[in-house]
Amino acid sequence: MYDYAPDFVDPGLGGFLKSIYPEEEEIWGPEWGKHKVPTLRNVDLRPDKKLVKAYGHNGYFKSLEEIVHFYNTRDVPGAGWPAPEVAVNINTAEMGNLGLNKGRSSPSWLF
């Protein structure tokens with residue numbers, strides 16, 4: 001969700017491809033709503049702890065804890081997350097209800 005344009009839908013890679021191949025839906029259609037989301041490994045390496053970072057393809061999350069909480073609860077009914085902008089390409093095999101925490105099972109760099 002975007003505070004400055006709440007009705008905006010980010011079509012991701014599909015939108016980019018459509019701008020190049022507008023008449024060829026077989027090219028851009030399967031990519032509609034897909035985003036390249038970088039790994040969180042070593043993301044908290046910053047010059048100053050006061051520096052606010054942004055996580056996710058759109059910068060929605062402002063802390064590592066927030067985005068890990070999202071990854072843990074995205075697929076949990078009643079967790080309170082807004083509906084995805086484009087639901088057709090959601091990766092349900094690798095994300096959601098991961099059970100990550102601040103305990104010993106988490107990598108030391110995570111928190």
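At-a-glance table
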{"item": "Residue within the stretch 43-64 that is surrounded by 13 or more Cβ atoms within 10 Å (Cβ to Cβ), modelled with pLDDT of 85 or more and in contact with a Phe, Trp or Tyr (Cβ under 7 Å, 6 or more places away or on another chain) present", "result": "yes"}
{"item": "Pairs with Cβ under 6 Å, 6+ apart, first in the stretch 81-94 and more than 18 Å from GLY29 (Cβ to Cβ), second modelled with pLDDT under 75 and surrounded by 10 or more Cβ atoms within 10 Å (Cβ to Cβ)", "result": "PRO82/MET1"}
{"item": "Any hit, the stretch 23-36, residues being among the hydrophobic types (A, V, I, L, M, F, W, C) and at pLDDT below 80", "result": "no"}
{"item": "Some residue of the stretch 70-79 being open to solvent by 50 Å² or more (accessible area, probe 1.4 Å), at pLDDT below 85, in a loop (DSSP other than H, G, I, E, B) and over 19 Å from ASN101 (Cβ atoms)", "result": "yes"}
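The values are calculated or read from the model by the stated rules, or taken from the named source; none is laboratory data. Quick caveat, the model's predicted, so the values are computed rather than measured. Every residue, glycine as well, gets a Cβ built from its backbone with ideal geometry; the counts of neighbours run over all protein chains shown. Accessible surface areas use protein heavy atoms only, side chains included; no ligands, DNA or RNA. Shrake-Rupley method; radii C 1.70, N 1.55, O 1.52, S 1.80 Å.
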